[in-house]
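Reading through the structure tokens given below for one structure.
The values are calculated or read from the model by the stated rules, or taken from the named source; none is laboratory data. Everything quoted here is computed from the prediction, not taken from an experiment. Ideal geometry is used to build each Cβ from the backbone, glycine not excepted, and the neighbour counts take in all protein chains shown. These area figures cover heavy atoms from the full protein model, side chains too; ligands, DNA and RNA do not enter into them. Shrake-Rupley method; radii C 1.70, N 1.55, O 1.52, S 1.80 Å.
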Amino acid sequence: MAAVISRGIRVVGLRIPNNSIVPRVNFSFRNLPKSKKILCGALGLITTGGIGLGVALQTAVWASGFELHPPSYPWSHSGYLSSFDHASIRRGYQVYKQVCAACHSMNYMYYRNLVGTIMTEDEAKAEAEETQVLDGPDENGNMFERPGKLSDRFPRPYVNDEAAKAANNGALPPDLTFITGARHGGEDYIFALLTGYCDPPAGIEIREGMHYNPFFPGGAISMARSLFDDAIEYEDGTPATTSQLAKDVVTFLRWSAEPEHDDRKRMGIKAVMIGTTLIAIAFYYKRHKWSVLKSRKLAFKPKQY
């Protein structure tokens, strides 16, 4: 088909029944005037230069002189057929509850989300009842506190954003529910940030109240290092090293940002298996139906007078 179209485009003239010739346009670049060739070349250079400039500017934004890119870590859930390590998610929730929850909120997480993933229903109810939730008004119009329920959100560490800023030298701790999807690098960046605190190199001064972390844009971060060896004691006896704490809490944060992760991959596997089966059946049915038409021979026999 392409060859036929190509030959049709290159035809200079077409004869019609009255033997007249209708001129056709030749679209070959070789036959264009020199001025049009120069114009096309200039447009190509401008387009290529614009694309290259955009890539260079984006690369400059991603890689500044005072910021390191996080390495790519071999997460157990990163494979096409891999699921979350739910024991790690449970430990990560323990790290968040005992360390991160003092400053960071998770406003879009409910206690009911823990059921069937890292806790049983009874465990999640007991976990929710450990918090006191402001509710009301009652029949007298007064607000009151009650034990938490599965339908309640995770508690906020501060009443509002202004209180959070006042307690953290003017910096607002971000909400962690979707933090792995909101940062370039995802869980690799969060893990590198939690384990990357060090002393500033020579020539770089960090003002009072700030801390140096080469993975944070600019290098100066308001959050102090919060994960240390044996900072908490895991319920299952796992050694609580700094890297283990960071790995578990990052896995928990990735799960909170994408709780349908395992279900999505499971549905994808089913879709691939069903689709492959249907394609094989359709291919066999097509060959079965068309085999007679494809293999028959048509012969023209003129009538004998």
Once normalised by the length of the chain, the mean sequence separation of its alpha carbon contacts under 8 Å that are 6 or more apart gives a contact order in percent of 18
Scoring only Lys, Arg, Asp and Glu (+1, +1, -1, -1) among other residues with Cβ under 14 Å from the Cβ of His211 yields -1
Ranked output for segments 91-98, 231-238, 170-177 by mean other Cβ atoms within 10 Å, highest leading, reads 91-98, 170-177, 231-238
Ranking Tyr197, Val272, Leu245 by how far each Cα lies towards the positive end of the charge dipole of the stretch 174-305 (+1 on Lys and Arg Cβ, -1 on Asp and Glu Cβ), the top one is Val272
Reviewing (1) 20.4; (2) 19.2; (3) 37.2, the figure for mean projected area of the Cα convex hull in nm² actually calculated from this model sits under (3)
If every Lys and Arg gets +1 and every Asp and Glu gets -1 at its Cβ, then about the Cα centre the chain yields a dipole, in debye to the nearest 20, of 5120
Reduced to Cα centres, the span from the stretch 79-123 to the stretch 198-251 in Å works out to 20
Counting only protein heavy atoms and rolling a 1.4 Å probe, one gets per residue an accessible area for the chain in Å² of 70
Pairs over 31 Å Cα to Cα, from Lys265/Lys289; Lys97/Lys165; Lys149/Lys247, come to Lys265/Lys289
Carbon and sulfur atoms account, in whole percent of the 1.4 Å probe accessible area of the stretch 116-240, for 49
For Glu258, the net charge from surrounding residues (Cβ-Cβ under 11 Å; K, R +1; D, E -1) works out to -1
Relative contact order in percent for the stretch 64-193 (Cα pairs under 8 Å, 6+ apart) equals 28
In terms of the alpha carbon gyration tensor, root eigenvalues a ≥ b ≥ c, rounded if a/c is under 1.5 and otherwise prolate when a/b exceeds b/c or oblate, the stretch 63-192 is oblate
Given unit charges at Cβ for Lys, Arg (+) and Asp, Glu (-), the dipole magnitude of the stretch 61-130 about its Cα centre in debye, nearest 20, is 160
Yeah, the stretch 150-281 with a ≥ b ≥ c from its alpha-carbon gyration tensor (a/c under 1.5 is rounded, else prolate when a/b outruns b/c, oblate otherwise) is prolate
For Leu278, the net charge from surrounding residues (Cβ-Cβ under 13 Å; K, R +1; D, E -1) works out to +2
Note: Ala182 to Tyr234 extended length (0.36 nm per residue) minus current alpha-carbon separation gives 15.9 nm
For the chain, the longest principal axis of the Cα atoms and the Cα long axis of helix 242-257 enclose an angle in degrees, to the nearest 10, of 60
Magnitude of the Cβ-charge dipole (Lys and Arg +1, Asp and Glu -1) of the stretch 167-213 about the Cα centre, nearest 20 debye, reported as 80
